[in-house]
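All remarks here apply to the structure that follows.
The values are calculated or read from the model by the stated rules, or taken from the named source; none is laboratory data. What you see is a predicted model; the values in this text were computed from it and never measured. When we count neighbours, we look across all protein chains shown, and the Cβ atoms used for this are built from the backbone with ideal geometry, even at glycine. Note: accessible area is taken over every heavy atom of the protein model, side chains too, but ligands, DNA and RNA are not part of it. Shrake-Rupley method; radii C 1.70, N 1.55, O 1.52, S 1.80 Å.
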Protein chains: 2
Amino acid sequence: MSDDPARAAPLTVGVLGGMGPAATIDFMAKVLRHSQAGAAREQDNVRLIVDSNPALPDRNAAIAGTGPSPAPMLAEMARGLAAAGADVLVMPCNAAHAFADAVIAATPLPFLHLIEEAVDTVARSHPAARRIGVLAVAGAVEAQLYERALAARSLLPVVPDPTARAAFMAAIWQIKASDLAAGRDGVLAAAMRLVEQGAEVVVAGCTEVPLVLGPADLAVPLIDTVDVLARRTVEVARGAGVSNEWVSTHP
Amino acid sequence: MSDDPARAAPLTVGVLGGMGPAATIDFMAKVLRHSQAGAAREQDNVRLIVDSNPALPDRNAAIAGTGPSPAPMLAEMARGLAAAGADVLVMPCNAAHAFADAVIAATPLPFLHLIEEAVDTVARSHPAARRIGVLAVAGAVEAQLYERALAARSLLPVVPDPTARAAFMAAIWQIKASDLAAGRDGVLAAAMRLVEQGAEVVVAGCTEVPLVLGPADLAVPLIDTVDVLARRTVEVARGAGVSNEWVSTHP
């Protein structure tokens, strides 16, 4: 962390992770891949400080009002990452962005917002698409994370109906428990249902989705939000700016 | 971090990483695998705080006296991890253990020593073996990291001769540059040469080795030191003790 606005890149990126741990590892591997594309030596890769904290209270239960809020622990993690030397923060978990304000308020560091970056990428890479499918867990849907970000760009969200949502959630728990084969079946079914409902693009709005689903699995483009965040993380670490202007509009 | 000796497990593990970044990701994946074996819920996995810092000065050059020492930056990383909340430190890089003293001196936290743990595992799991092959990079060989730890247990190190060492080092740089196929050929050749020299067990004394070589590749047992450290990390996080008694004997 530095107070000098003119400090040279690269920046050190603090990662609020562990939600789940496999998704954090996937994010780090993707940062490394994008990082190596522009790195001549090992020393040129991006420095990440990662708090992989699986003890964080369940985001879905908190959003549903049936469990404690993860906000205080997220704020503590953000402060710890700042103390360890992070210059900018990211959080590779979609549902946890319902508590992004707590992370942003905890330190003076800029925060690279997964949902905003993902929806920006959709709008930029598929400008003709209007109906955007979102494969998100119950908490993310309830908190309307993607719905609001899409609406702000005049895009229409296509989300699983309540029955499909329960089946999708069960599949995500299977992936978190390392049963990738069973989880993949459930995630693929949910994605295909969104396409039937008219989705022209599908956003993998849960970091567990890209662990089992790839672009070749669907007839429409699939946006890997972990990969979007990883690519932007490398850009920001190498000196691209990050703006927090959306903060006030997404409470 | 806590001063209460009776504090309950689990402990938070601070990881000095990025040497290289792919080896750190491999270590985290192995911690997750061993962690899940005893975890009923995502929340039961081990909390890791990881500083994946590829900017650390080259260990081999430092040991050879041709580059700056990584010790000051390692000490800074250790202090940062302590500030972020780590209770115990590990460093999944063999050669960096030539600078373990700087890490140990930087904070009051206990340090789980990769080389000592690896050699303990060899002695325990293969009690009849006397000649132990060590696939290590130039710096680790020059610093005699494994030679000393093996000698302390009356075991005989079998290391690559200078020509084989240069070829092995070239293979490790290929792996770090993501050319796994070419790197694997060089690593496999070096391992087979150690077996020809009489090694009864081969220790993967470089964290890049397990990225390309598995137990099925050799006629003798292969010790994955990343896996040994990951397994011990989970045990320690769950309450097993860690002793620093070897510190004074391995300057």
Worksheet, complete the sentence: All-but-one check, B:Val103 against (1) within 13 Å of another protein chain (Cβ to nearest Cβ); (2) surrounded by 20 or more Cβ atoms within 10 Å (Cβ to Cβ), failing number (1)
Worksheet item: Can you name the residue in the range B:175-224 that is within 14 Å of chain A (Cβ to nearest Cβ) and among the aliphatic types (A, V, I, L, M) and is also surrounded by the most Cβ atoms within 10 Å (Cβ to Cβ) among such residues?
Response: B:Ile175
Response to the item:
When (1) in contact with an Asp or Glu (Cβ under 7 Å, 6 or more places away or on another chain); (2) farther than 18 Å from A:Pro21 by Cα; (3) not β-branched (Val, Ile, Thr) are applied to A:Phe168, the one that fails is (1)
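Rundown of residues vs (1) under 20 Å from the mean Cα position of the chain (by Cα); (2) among the acidic types (Asp, Glu), yes/no style:
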residue: A:Arg165; (1), (2): yes, no
residue: A:Met169; (1), (2): yes, no
residue: A:Ile172; (1), (2): yes, no
residue: A:Gln197; (1), (2): no, no
residue: A:Glu208; (1), (2): yes, yes
residue: A:Ala219; (1), (2): no, no
Discussion item. Give me the residue from the range B:130-174 that is in contact (Cβ under 8 Å) with a residue 60 or more places away in the chain and over 22 Å from B:Phe99 (Cβ atoms) and, out of that set, surrounded by the most Cβ atoms within 10 Å (Cβ to Cβ).
Written reply: B:Gly133
Discussion item. Just checking, does the range B:177-189 include any residue being without any contact (Cβ under 8 Å) to a residue 24 or more places away in the chain, under 30 Å from B:Val88 (Cα atoms) and among the acidic types (Asp, Glu)?
Written reply: no
Worksheet item: When you look at B:Ile25, is it crowded, with 19+ Cβ neighbours inside 10 Å, at the interface with chain A (Cβ under 10 Å from one of its Cβ atoms), out of contact with any Ser or Thr (no Cβ under 7 Å at 6 or more places or on another chain) and under 21 Å from A:Thr12 (Cα atoms), yes or no?
Response: yes
Fill in: When residues of the range B:110-128 are limited to those that are of a type in the set (A, V, I, L, M) and open to solvent by 10 Å² or more (accessible area, probe 1.4 Å), the one nearest to B:Ala64 (Cα to Cα)
B:Ala123
Worksheet item: Mind checking which pairs have a first residue in the range B:97-111 that is closer than 18 Å to B:Met19 by Cα and outside the structural domain of B:Cys206 (by TED's automatic domain parsing) and a second that is open to solvent by less than 10 Å² (accessible area, probe 1.4 Å) and among the acidic types (Asp, Glu), Cβ under 6 Å, 6 or more apart or different chains?
Response: none
Worksheet item: Looking at A:Leu32, A:Leu56, which one is in a loop (DSSP other than H, G, I, E, B), touching a helix residue (DSSP H, G or I) at 6+ places or on another chain (Cβ under 6 Å) and either at the interface with chain B (Cβ under 7 Å from one of its Cβ atoms) or modelled with pLDDT under 95 (or both)?
Response: A:Leu56
Practice prompt. Considering only the range B:125-147, state which residues are among the charged types (D, E, K, R) and not in a loop (DSSP other than H, G, I, E, B).
Written response: B:Arg131, B:Glu142, B:Glu147
Worksheet item: If you go through the range B:79-94 one residue at a time, do you hit one that is open to solvent by 20 Å² or more (accessible area, probe 1.4 Å) and more than 13 Å from chain A (Cβ to nearest Cβ)?
Response: no
